[in-house]
């Protein structure tokens, strides 16, 4: 059963990744066709073609390696200056020039002079930007929708006002787990008749309190008796609880216990009742979605900016004894392993809702990563084409200001040497992450 669940997790995330890639490329395809560009191929994956069908002038298909996808448009590179598409000439004097020449000749062989107006290079700068940004923006929209589902549908992890446990006695704040209650005073919550699974619907006049409000009311009450309204088995009852003033831990803004310089728990004299709330997913208002999207974007951007350093850390962990950073980059294999671990996990408090939350969170993070990563201004990424279009627009504007002729589109074929270097670097990164995910995987629940 565990193996079947593990396989289900891998399948679910594979489908999610496939849909994300397909929608990314669909963004490019839709925008290009809307502007009249002839699109010859829409492919998911790379390498040998597994399946394809032609619809109209476009071939739609799936390739063997599910590591991305592409949309092929005619006329990505401009023809030789002053020449019509399909004109062959020899003017190369070096390796890089020959590389650009061959690429342009191949592009020119894919269409005739009558289709010049349907090429990508014939588009205006704004339309080029729309076509190239449509893919990443599609991933951004997917991330926004998934984050909205997480916040408003599932909710965020929080402590609710349902009582999960009631202390039997009052123990010191730094007492080790399992310390006996012998000789210790009875906990005020137990004495007041509060039981596990009770829901605190009011405390000291505060209606429908959050757990933070419950804690604040208890700690601020001192030894004053406060009314507590509980909901138990569908019925409401009121009890009178009298906290005691005791040294209790100080919690920081992150919810963690603060410690002194010597490592001991920092305490303060406050009211103590002896109840714990229940950890659960609590839905958040839709107004919090923009903030969550921004935080996810910023966090992802920081990872992308520091990617070279993080990849070095991955290599050190993969080929040495250093621990793998759980917040570092992981590859497709790592994501699949995590998904399998999530679905097959048998952990207390990690039920179906928590598992779905984690899977949706993974896909939201993945789509935000695709959005940010594709904006890097390097070929062959979408950001490289965006940079080329912006440069083209700047050149044309400067030419107009100076009263000079239109310089024409930017010849991105000249960037092919850099493109090849970047592609090799991406391939090396992919292989490194695959290796690291196999020999030193990131795990959700530890070894």
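Among residues that are assigned by TED's automatic domain parsing to the domain that holds residue 22 and free of Cβ contacts under 8 Å to residues at least 12 places away in the same chain, residue 369 is not included. In segment 237-300, counting only strands (runs of 3 or more DSSP E) that sit wholly within it, the ones holding 2 or more residues that are more than 36 Å from the chain's Cα centre (by Cα) and surrounded by 15 or more Cβ atoms within 10 Å (Cβ to Cβ) span 244-249, 267-272. Of all residues in segment 397-409, at least one satisfies being more than 22 Å from the chain's Cα centre (by Cα), touching a residue at least 40 places away in the same chain (Cβ under 8 Å), surrounded by fewer than 17 Cβ atoms within 10 Å (Cβ to Cβ) and outside any helix (DSSP H, G or I). Among the residues making up segment 304-325, those that are touching a helix residue (DSSP H, G or I) at 6+ places or on another chain (Cβ under 9 Å), part of a helix (DSSP H, G or I) and under 27 Å from residue 375 (Cβ atoms) are 304, 307, 310, 311, 314, 315. Summed over segment 212-236, the residues that are farther than 15 Å from residue 162 by Cα, without any contact (Cβ under 8 Å) to a residue 12 or more places away in the chain and outside any helix (DSSP H, G or I) give a count of 0. Those residues that are part of a loop (DSSP other than H, G, I, E, B) and free of Cβ contacts under 8 Å to residues at least 12 places away in the same chain, I need them from segment 328-366; list them, please. Listed by number, the residues that qualify are 348, 350, 351.
As a summary of the residue check, residue 317 satisfies the conditions (1) closer than 30 Å to residue 355 by Cβ; (2) surrounded by fewer than 18 Cβ atoms within 10 Å (Cβ to Cβ); (3) in contact (Cβ under 8 Å) with a residue 40 or more places away in the chain except for the one numbered (2). For the structure I just gave you, tell me whether residue 5 is in a helix (DSSP H, G or I) and either over 19 Å from residue 118 (Cβ atoms) or modelled with pLDDT of 90 or more (or both). In short, yes. From the list 427, 431, 378, 444, pick out the single residue that is under 27 Å from the mean Cα position of the chain (by Cα), assigned to a loop (DSSP other than H, G, I, E, B) and farther than 22 Å from residue 146 by Cβ. So the residue among 427, 431, 378, 444 that is under 27 Å from the mean Cα position of the chain (by Cα), assigned to a loop (DSSP other than H, G, I, E, B) and farther than 22 Å from residue 146 by Cβ is 378.
The values are calculated or read from the model by the stated rules, or taken from the named source; none is laboratory data. This structure is a prediction, so every number in the text was calculated from the model and none was measured. Glycine also receives a Cβ, built like all others from the backbone with ideal geometry; neighbour counts cover every protein chain displayed.
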